[in-house]
Amino acid sequence: MSDDPNDSDWVHEWTDEGYKERYRLHAREVYEDAKALRDFSFKSNVEYGKWLLASGLAVHGGAIFALNTLATNGQAARINGILDSVAFHAAGIFFVLIAGFAAWLNFQYAATLYSRLANPSMMYRKDTWLDLGSEKRDPVGATRFLAMMAGLLSLWCLVASAVNIVQVLHAG
């Protein structure tokens, strides 16, 4: 380490008052932003999870109910095709739950990251800043990708069921 006090990790040892003040202002902004983003992640976790689960379960559950009604009033020859569509919706419900869980994990990882960023010691020590470039894993990105893929698979199940049931009804 150099003899220059401005090279110190401890801000109070710095001799340039202007630089110290700029550092503290910048650190305060980063700290406050990280705290606000952490709080937003917690709130988003709850709201997004409720919306995603409710919408996906309502759509797929309603379709299963409608297919059940169609099966009980339909011809025996159509039952296997209708059951195939029910299976698509059951898989859709599974993917909705996976997407909801992955989204919940995503917000949990983001909140943890923001908590790590919102380190009050950054106000007086420059070596306590989190270096995001040195992270070996990206759980926020991975869980976001998983939630998107599971959501798309759930949507694909809805489309596959619709195509299947139209073919079954045209064949009968």
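The values are calculated or read from the model by the stated rules, or taken from the named source; none is laboratory data. All of these numbers come straight from a predicted model, not from anything done at the bench. With ideal geometry, Cβ positions are generated from the backbone for all residues, glycine too; neighbour counts draw on all protein chains shown. To get the accessible areas, we keep the full protein, side chains included, count just its heavy atoms, and leave off ligands, DNA and RNA. Shrake-Rupley method; radii C 1.70, N 1.55, O 1.52, S 1.80 Å.
Taking residues in segment 40-66 that are without any contact (Cβ under 8 Å) to a residue 12 or more places away in the chain, and partners anywhere that are open to solvent by less than 70 Å² (accessible area, probe 1.4 Å) and of a type in the set (Phe, Trp, Tyr), not one pair has Cβ atoms closer than 6 Å while being at least 6 places apart or on different chains. Condition test on Ser44, is it at pLDDT below 80 and in a helix (DSSP H, G or I)? Spelling it out, Ser44 is indeed at pLDDT below 80 and in a helix (DSSP H, G or I).
None of Gly49, Gly62, Gly18 is more than 29 Å from Ser115 (Cβ to Cβ), open to solvent by less than 60 Å² (accessible area, probe 1.4 Å) and within 27 Å of the chain's Cα centre (by Cα) except Gly62. Could you tell me which of the residues Ala99, Ala142, Ala110, Ala103 is open to solvent by 40 Å² or more (accessible area, probe 1.4 Å) and at pLDDT 75 or above? Among Ala99, Ala142, Ala110, Ala103, only Ala142 is open to solvent by 40 Å² or more (accessible area, probe 1.4 Å) and at pLDDT 75 or above. Being open to solvent by less than 50 Å² (accessible area, probe 1.4 Å) and modelled with pLDDT of 85 or more is not true of Gly56.
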